[in-house]
């Protein structure tokens, strides 16, 4: 019989990896086709909506559930499985650190650029503000996102391997 914590960890990791992959292969390529003002406006709205309660539950569960599974009885499944859960947890933690130290500051800078434009600050208005904001945001955000998507997917695969 599998641990409910371990099964919950697999589900949370799968949901999170799927969310990340959807952004990587569908949302960001779609947004890339938009003009600068449309791209920056859309990313700002995503960044306002993503950290809602449902997302935060999964975001925290991706770390908390494997950690809880590690400290609980894994049903005597052996050291190999403990190592897989630990590796999955490490991948999830690194992914979250990238989010917290990389993607979120970029999101905040993009939001701040909108505030500066609205307040008459940076650039003095017009399409140039969106162009500058996008140039400072898009490539760096996408690079970090590719890394955290790979780590999230690895975490899911490692946890799924334990229950197979």
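The numbers here are math on the coordinates, done by the rules we state, and not lab data. Keep in mind it's a predicted model, so treat the numbers as computed, not measured. Positions of Cβ are backbone-derived with ideal geometry, glycine not excepted, and every protein chain shown enters the neighbour counts.
In table form, for the structure just shown:
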item	result
Shape metrics for region 4-163, restricted to C-alpha atoms - Rg then Dmax, Å	18.5, 65
Approximate spin-label separation residue 104-residue 48, in nm, with each point projected 7 Å along Cα-to-Cβ	2.0 nm
Protection proxy ranking, peptides 4-10, 142-148, average beta carbon neighbours within 10 Å, highest first	4-10, 142-148
Two-site label geometry, residue 34 and residue 56: point separation in nm, points 7 Å out along Cα→Cβ	2.5 nm
R0 of 41 Å, Cβ-Cβ distance residue 25-residue 72: FRET efficiency to nearest 0.05	0.75
